[in-house]
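The values are calculated or read from the model by the stated rules, or taken from the named source; none is laboratory data. All of these numbers come straight from a predicted model, not from anything done at the bench. Cβ atoms come from the backbone with ideal geometry, glycine included; neighbour counts cover every protein chain shown.
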Number of protein chains: 2
Amino acid sequence: MSAAPRFALGVDLGGTRLRAAAMTEAGKILASEEMPTEANGGPDRILADILRLVETVSTGIAAEAIEGLCVCAPGPLDARNGIALHIPTLPGFDDFPLAAMLGEKLPYPVSLENDGIAAAVAEWRYGAGRGVDNLVYMTVSTGIGGGVIADGRVLYGRMGMAGHIGHMSIRPDGNVCPCGNAGCFEAYGSGTAFTARGRVAAARRRDSSLSRYADSLHARDIFAAAREGDALARDLVAEEAEILGQGVRNLLHLYSPDLVVIGGGIANAFDQLEGGIRAYIAARALPPFRTMPIRRAELGDRSGVVGTAALAFAHAKRKA
Amino acid sequence: MSAAPRFALGVDLGGTRLRAAAMTEAGKILASEEMPTEANGGPDRILADILRLVETVSTGIAAEAIEGLCVCAPGPLDARNGIALHIPTLPGFDDFPLAAMLGEKLPYPVSLENDGIAAAVAEWRYGAGRGVDNLVYMTVSTGIGGGVIADGRVLYGRMGMAGHIGHMSIRPDGNVCPCGNAGCFEAYGSGTAFTARGRVAAARRRDSSLSRYADSLHARDIFAAAREGDALARDLVAEEAEILGQGVRNLLHLYSPDLVVIGGGIANAFDQLEGGIRAYIAARALPPFRTMPIRRAELGDRSGVVGTAALAFAHAKRKA
């Protein structure tokens with residue numbers, strides 16, 4: 001190992017945004033770039049865009065000083081072998097050897113990781129979960145994803161697919177989830193589901209300030225109206241907190257974390273949801289789980305690139 | 001380390017039976033004993049019974065050849081510190097330092113482990129799960145418990161309390177569970193819940209062979225009647241398989257095991273349930289999880305003592 005500064009590159013391949021960053025092991029970001037994901041451009045276009053962003057953020061860094069690159073994407077994917085099995089938001093990535101395809105063009109190791117795991121690692125190493133051994137990270141936005149740290153390590157499971165928390169069913173005969181199953185946590189707790197409930201309720205309640213939005217109502221409007229005291233909006237927020245509480249309560253019994261970190265778009269209203277989630281857990285969990293803290297994610301949009309860069313460092317150490 | 005044979009002792013402190021065994025690291029049981037648990041005798045009586053059983057099974061083994069003793073009990077317990085936090089079936093064990101109390105009387109290290117984790121380790125090391133890195137063990141009897149092996153290690157989490165799979169709620173507004181929460185997997189899938197559904201249904205269906213049992217109906221009677229073609233019994237078994245499928249499906253997405261091992265009383269009818277569980281998973285899980293195998297536990301009543309003895313060896317190595 002050289003004593004010269006070392007860097008790792010992180011890429012967050014999301015359904016709408018493609019981000020890249022170069023980072024030191026202390027978590028300092030040297031350069032970052034982002035662009036819209038050309039979701040319908042197919043793998044060739046996306047690979048070219050990733051390579052261009054990577055070149056931009058690594059400008060001025062010697063290739064020998066780069067420990068590696070890690071890319072995160074929505075699952076399911078086979079992280080161990082660097083293969084995207086299926087990315088619902090990105091056509092053409094079925095059974096696609098993403099890590100190997102990028103590795104052919106780059107002089108350092110390339111790995112692939114689930115985006116929920118990457119964000120969990122980011123919050124664990126540099127964000128709201130610093131210093132704990134057991135952490136559940138839950139992102140609530142269009143869907144619900146996450147990642148788990150247990151006993152001081154990332155929880156992978158077979159093919160690195162543990163922690164698909166959004167597809168834990170909480171009502172097996174309930175609403176259909178985008179995954180095809182009934183009653184998934186995601187189908188009830190996601191920002192999408194929250195907004196859909198808001199639109200239905202607003203159409204029925206002319207006395208609410210929400211009724212003027214009709215089908216343009218968004219989650220942020222509901223939270224804003226609740227802050228201003230709108231009764232319907234407050235009920236909707238309380239219901240969302242209870243649903244998130246139901247999911248978090250289950251995760252406590254399954255993973256026994258030291259804390260749960262909540263990220264994604266819904267985290268912008270964390271202060272409005274936290275009380276309801278905590279109250280649900282305090283009332284419904286087994287006693288040893290009742291006081292488990294919940295925190296808002298600290299890294300926001302950067303969690304993917306920070307987590308993947310951290311993982312690139314970790315992967316390099318594992319090989320060394 | 002001596003080249004002479006080494007042994008470990010395992011104790012399974014159950015709500016109805018107390019078992020002990022001496023085992024080699026290859027999994028050979030040299031001696032085993034069991035007796036009824038004096039559940040209402042209080043900690044003093046139970047500690048004395050444990051010590052007597054331990055003395056019996058270790059007769060003829062030099063104390064220096066014993067790596068340690070591990071005791072398992074129903075949770076929640078603080079495995080790291082050897083403290084039983086609360087044992088619902090054993091009054092008097094609240095915040096009870098079980099490992100330390102036994103350790104005072106014995107010349108080798110004593111540890112405490114959740115009974116679900118102990119059984120998971122037993123099946124992983126010596127039973128149906130040999131050779132895999134990721135395993136979920138699920139015991140279905142009076143309640144539902146379990147333990148998880150992930151990435152080649154026991155999944156502990158905070159205070160060793162991960163894997164409380166019976167208290168994952170699958171219907172948050174559903175039937176009340178003995179734990180006080182609504183809709184727990186245990187409240188629907190346990191042998192107790194299965195039998196209760198059977199009694200209610202049998203009282204209504206005079207055409208079924210089950211109706212003659214009234215309140216003496218037991219799970220085994222339902223499985224026997226289903227084997228003989230009784231329509232109601234078959235429906236009840238199919239419903240139970242679907243409920244177990246709902247729970248197992250969730251566990252796949254949460255832990256991503258290589259296989260699920262099912263133990264407990266219900267495993268006696270594994271052949272009648274397996275098809276329904278598999279069918280549910282094949283229809284409802286995300287594609288990469290659909291083919292995950294399910295196996296019947298192999299160690300039966302011995303899983304607690306085998307798993308604890310295996311853990312005693314593992315704990316001794318960790319300290320060495």
Quiz item: Any idea how many residues of the stretch A:280-295 are under 16 Å from residue A:247 (Cβ atoms), within 7 Å of another protein chain (Cβ to nearest Cβ) and touching a Leu at 6+ places or on another chain (Cβ under 7 Å)?
Solution: 0
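Given the structure, is residue B:238 more than 14 Å from chain A (Cβ to nearest Cβ), in a helix (DSSP H, G or I) and more than 18 Å from the chain's Cα centre (by Cα)? Step through it out loud before you land on a result.
On the way: more than 14 Å from chain A (Cβ to nearest Cβ): yes; in a helix (DSSP H, G or I): yes; more than 18 Å from the chain's Cα centre (by Cα): yes.
Yes.
Just checking, which of A:51, A:30, A:98 is closer than 15 Å to residue A:311 by Cβ and of a type in the set (A, V, I, L, M)? Let's see the steps before the verdict.
Details: A:51 fails: closer than 15 Å to residue A:311 by Cβ; A:30 fails: closer than 15 Å to residue A:311 by Cβ.
The unique qualifying residue is A:98.
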Exercise. Assess whether residue A:228 counts as being acidic (Asp, Glu), assigned by TED's automatic domain parsing to the domain that holds residue A:272 and in contact with a helix residue (DSSP H, G or I) (Cβ under 6 Å, 6 or more places away or on another chain).
Key: no
Quiz item: Across the stretch A:129-171, what is the total count of residues that are facing chain B (nearest Cβ under 7 Å), crowded, with 23+ Cβ neighbours inside 10 Å and over 18 Å from residue B:286 (Cβ atoms)?
Solution: 2
Quiz item: Any residue in the stretch A:211-226 that is buried (at least 22 other Cβ atoms within 10 Å of the Cβ), within 14 Å of another protein chain (Cβ to nearest Cβ), aliphatic (A, V, I, L, M) and within 22 Å of the chain's Cα centre (by Cα)?
Solution: no
Quiz prompt | Exclusive hit being touching a strand residue (DSSP E or B) at 6+ places or on another chain (Cβ under 8 Å), free of Cβ contacts under 8 Å to residues at least 24 places away in the same chain and either among the charged types (D, E, K, R) or not in a loop (DSSP other than H, G, I, E, B) (or both), set B:171, B:206 | solution = B:171
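Filtering the stretch B:75-93 down to residues that are outside any loop (DSSP other than H, G, I, E, B) and touching a residue at least 60 places away in the same chain (Cβ under 8 Å), which residue is surrounded by the fewest Cβ atoms within 10 Å (Cβ to Cβ)? Show your work before the answer.
From the stretch B:75-93, those outside any loop (DSSP other than H, G, I, E, B) are B:77-78, B:83-84; that's our starting set.
Subsequent filtering for residues that are touching a residue at least 60 places away in the same chain (Cβ under 8 Å) retains B:77-78.
On the way: B:77: 29, B:78: 20.
So, considering only residues that are outside any loop (DSSP other than H, G, I, E, B) and touching a residue at least 60 places away in the same chain (Cβ under 8 Å), the one surrounded by the fewest Cβ atoms within 10 Å (Cβ to Cβ) is B:78.
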Quiz item: Any idea how many residues of the stretch B:272-303 are over 16 Å from the mean Cα position of the chain (by Cα) and either part of a helix (DSSP H, G or I) or polar (S, T, N, Q) (or both)?
Solution: 17
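Tell me, yes or no, whether the stretch B:186-196 has at least one residue that is assigned to a helix (DSSP H, G or I), within 30 Å of residue B:150 (Cα to Cα), more than 14 Å from chain A (Cβ to nearest Cβ) and among the hydroxyl-bearing types (Ser, Thr, Tyr).
Restricting attention to the stretch B:186-196, the residues satisfying the condition of being assigned to a helix (DSSP H, G or I) are B:186-189, B:191-196.
Narrowing the set further to residues that are within 30 Å of residue B:150 (Cα to Cα) leaves B:186-189, B:191-194.
Restricting the remaining residues to those that are more than 14 Å from chain A (Cβ to nearest Cβ) gives B:191-194.
Of the ones still in play, those that are also among the hydroxyl-bearing types (Ser, Thr, Tyr) are B:192.
Within the stretch B:186-196, one or more residues are assigned to a helix (DSSP H, G or I), within 30 Å of residue B:150 (Cα to Cα), more than 14 Å from chain A (Cβ to nearest Cβ) and among the hydroxyl-bearing types (Ser, Thr, Tyr).
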Quiz prompt | For residue B:110: the one exception among (1) surrounded by fewer than 22 Cβ atoms within 10 Å (Cβ to Cβ); (2) in contact (Cβ under 8 Å) with a residue 24 or more places away in the chain; (3) farther than 26 Å from residue B:142 by Cα | solution = (1)
Practice problem: Tally the residues that are at pLDDT 95 or above, more than 20 Å from residue A:57 (Cα to Cα) and part of a loop (DSSP other than H, G, I, E, B), restricting the search to the stretch A:94-110. | Solution: 1
Quiz item: Within the stretch A:241-271, restricting attention to residues that are within 14 Å of another protein chain (Cβ to nearest Cβ) and assigned to a loop (DSSP other than H, G, I, E, B), which residue is surrounded by the fewest Cβ atoms within 10 Å (Cβ to Cβ)?
Solution: A:258
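So, residue B:175, is that one over 26 Å from residue B:296 (Cβ atoms), facing chain A (nearest Cβ under 8 Å) and not hydrophobic (A, V, I, L, M, F, W, C) or not? If you could, list the steps in order and put the result at the bottom.
On the way: over 26 Å from residue B:296 (Cβ atoms): yes; facing chain A (nearest Cβ under 8 Å): no; not hydrophobic (A, V, I, L, M, F, W, C): yes.
In short, no.
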